[in-house]
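> Just dropping this structure here.
The values are calculated or read from the model by the stated rules, or taken from the named source; none is laboratory data. No experiment lies behind these values; they were computed from the predicted model shown. Here Cβ is always computed from backbone atoms with ideal geometry, including for glycine, and neighbour counts include all displayed protein chains.
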Amino acid sequence: MNRLGRKISRLIEAAGPLSVADYMMQCLFDPVDGYYTTRDPFGAKGDFVTAPEISQMFGELVGAWLVQTWREAGMPLPAIVLEIGPGRGTMMKDIVRSIGRIEPDLKAAVTFALVESSPRLAELQQAALAGSGGRIGWYKTLDRLPDGPLFVACNELFDALPFRQFVRKDGQWLERAVGLDEVGGLRFVTGTAPLDPAALAPEAKPASEGSIFEIAPVRTALMTQIAARIASQGGAGIFFDYGHLETGLGDTFQAVRKHRHEGVFDNPGEADLTSHVDFAALAAAARSASLDAHLLSQGDFLLDMGLLERAGRLGSTCDDRARAEISAAVERLAGPGGMGKLFKVMAIFPKGTAVPGFGKAS
Ligand code: SAH
């Protein structure tokens, strides 16, 4: 067992089992050995590749979406363009460039804001954005942002926020926790805390013994906070992640290291821990804050936003090899065998606003 594993094991020995949410937080954000606090996990040499790291086209189209949404909102200024959880800063860099190309006056007047909980990743973001031009600032939390309409984009943020699991046992939903086996190793145990019946989606009720149900109050709380801010000061939001459009049963807790799945207890702090995002729950949170929420697959959204046209334009000025790379990127970002179907996008905006990119929304 590695150092963080031993630390977690001692913690459980002293204080009892940890919820899945607490285990995830320890692994991702332990100040000494946490995954996001110590590593740059992105890209071919890291553990996983995210959409903005596949191609500049992704961030550019998000930038174009933000400009169109800002125009729909009546071009308010001052305004804020925000990314939460920006990783290496690649998407924000592409957003800033794309906004500067489409609407230079907006780039000159807007505040580009980044909220990042890992100091190590915030440093990488500063390096990535040096020389981008524009007014760019880092903020510890959402409530420290300047006032004004907020146009926010996030990629793979919500899957990295903690979630809880419940197991069906003797007709009850009991919280799943992380405890110890006979030799001090980590294993799942069933705790005694029952699920608040109000949190149970109706479709999850007829469940067989051993079924798993996941909830993520931290994700819902963040969405509620973003939506409340947009409802009171204007703006819009767009969120990409892998997940499902309808709440359902199932264990989606996963660990990924060096582009492979592994057990969630194999290498604490050395693997990315995530679960699928329940977009139905996030949409409900946005709607409770009286915003509209639209959901779509990532592939349909990117095609509607002009991915093929952008690829064609980029390809027209490069050689055959670069052109082949651009087509491969289109396939990965939007194809059904890539991220096109598994990844979803949710847009939130004040009621009655027209939403770009959701022409194919059902
Ligand atoms: N958006 C990037 C990175 C995704 S990984 C990309 O697509 O490549 C998740 C990111 O969210 C990391 O930067 C991580 O440090 C950050 N993060 C996780 N929890 C956070 C929180 N509560 N507030 C702000 N950032 C957070």
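> More than 9 Å from the ligand (Cβ to nearest atom) and under 16 Å from the mean Cα position of the chain (by Cα), is that true of LEU121? Working first, answer last.
Numbers: more than 9 Å from the ligand (Cβ to nearest atom): no; under 16 Å from the mean Cα position of the chain (by Cα): yes.
Against the criterion (more than 9 Å from the ligand (Cβ to nearest atom) and under 16 Å from the mean Cα position of the chain (by Cα)), LEU121 does not qualify.
> Specify the residue that is surrounded by the most Cβ atoms within 10 Å (Cβ to Cβ); the eligible residues are those in the range 280-319 that are free of Cβ contacts under 8 Å to residues at least 60 places away in the same chain and in a strand (DSSP E or B).
Checking each candidate, the answer is ALA293.
> Same structure, new question: Filter the range 262-281 down to the residues that are within 20 Å of GLY87 (Cβ to Cβ) and not β-branched (Val, Ile, Thr) and list them by number. Before the answer, list the steps.
The initial filter retains those residues of the range 262-281 that are within 20 Å of GLY87 (Cβ to Cβ), namely 269-277.
GLY269, GLU270, ALA271, ASP272, LEU273, SER275, HIS276 - these are the residues of the range 262-281 that are within 20 Å of GLY87 (Cβ to Cβ) and not β-branched (Val, Ile, Thr).
> To continue, here is another question. Quick check on my filter: what residues within the range 43-59 are in contact with a Leu (Cβ under 9 Å, 6 or more places away or on another chain) and either part of a helix (DSSP H, G or I) or near the ligand (Cβ under 9 Å from one of its atoms) (or both)? Spell out the reasoning first.
We begin by selecting, within the range 43-59, every residue in contact with a Leu (Cβ under 9 Å, 6 or more places away or on another chain); these are 51, 54-58.
ALA51, ILE54, GLN56, MET57, PHE58, listed by residue number.
> Which numbered condition trips up HIS261, out of (1) surrounded by fewer than 16 Cβ atoms within 10 Å (Cβ to Cβ); (2) at pLDDT below 95?
(2)
> When residues of the range 145-192 are filtered for being in contact with a helix residue (DSSP H, G or I) (Cβ under 9 Å, 6 or more places away or on another chain), without any contact (Cβ under 8 Å) to a residue 24 or more places away in the chain and outside any strand (DSSP E or B), how many remain?
Count: 0.
> Please verify whether LEU161 is within 16 Å of the ligand (Cβ to nearest atom), modelled with pLDDT of 95 or more and touching a Lys or Arg at 6+ places or on another chain (Cβ under 8 Å), treating the condition exactly as stated.
Working: within 16 Å of the ligand (Cβ to nearest atom): yes; modelled with pLDDT of 95 or more: yes; touching a Lys or Arg at 6+ places or on another chain (Cβ under 8 Å): yes.
Considered against the rule, which asks whether it is within 16 Å of the ligand (Cβ to nearest atom), modelled with pLDDT of 95 or more and touching a Lys or Arg at 6+ places or on another chain (Cβ under 8 Å), LEU161 comes out as yes.
> As an exercise: evaluate LEU28 against (1) closer than 28 Å to ALA231 by Cβ; (2) buried (at least 20 other Cβ atoms within 10 Å of the Cβ) and give the number of the one condition it does not meet.
(1)
> Would you call LEU129 touching a Gly at 6+ places or on another chain (Cβ under 7 Å), within 16 Å of the ligand (Cβ to nearest atom) and within 24 Å of ALA51 (Cβ to Cβ)? I'd like the intermediate steps shown before the answer.
On the way: touching a Gly at 6+ places or on another chain (Cβ under 7 Å): yes; within 16 Å of the ligand (Cβ to nearest atom): yes; within 24 Å of ALA51 (Cβ to Cβ): yes.
Yes, satisfied.
> Of the residues that sit in the range 320-348 and are in a helix (DSSP H, G or I) and touching a residue at least 60 places away in the same chain (Cβ under 8 Å), which one is farthest from the chain's Cα centre (by Cα)? First the steps, then the outcome.
At the first step, the residues of the range 320-348 found to be in a helix (DSSP H, G or I) are 320-334.
Filter once more, keeping what is touching a residue at least 60 places away in the same chain (Cβ under 8 Å): 326, 329-330, 332-333.
On the way: ILE326: 24, ALA329: 20, VAL330: 20, ARG332: 18, LEU333: 16 Å.
Among them, the one singled out is ILE326.
> Among the residues of the range 100-118, are any within 16 Å of the ligand (Cβ to nearest atom) and surrounded by fewer than 20 Cβ atoms within 10 Å (Cβ to Cβ)? Write out each step before concluding.
Just the residues of the range 100-118 that are within 16 Å of the ligand (Cβ to nearest atom), to begin with: 112-118.
Filter again for surrounded by fewer than 20 Cβ atoms within 10 Å (Cβ to Cβ), leaving 117.
Looking for residues that are within 16 Å of the ligand (Cβ to nearest atom) and surrounded by fewer than 20 Cβ atoms within 10 Å (Cβ to Cβ), one finds at least one in the range 100-118, hence yes.
> Which one is nearest to ASP272 (Cα to Cα), of the residues in the range 119-135 that are surrounded by fewer than 18 Cβ atoms within 10 Å (Cβ to Cβ) and either out of contact with any helix residue (DSSP H, G or I) (no Cβ under 9 Å at 6 or more places or on another chain) or of a type in the set (D, E, K, R) (or both)?
Residue satisfying both the conditions and the ranking: ARG120.
> Let me ask you something else. Among residues belonging to the range 132-144 that are in a loop (DSSP other than H, G, I, E, B) and of a type in the set (Ser, Thr, Tyr), point out the one that is farthest from the ligand (Cβ to nearest atom). Working first, answer last.
The initial filter retains those residues of the range 132-144 that are in a loop (DSSP other than H, G, I, E, B), namely 132-134, 140-141.
Of the ones still in play, those that are also of a type in the set (Ser, Thr, Tyr) are 132, 141.
Numbers: SER132: 17, THR141: 8 Å.
The extreme case among them is SER132.
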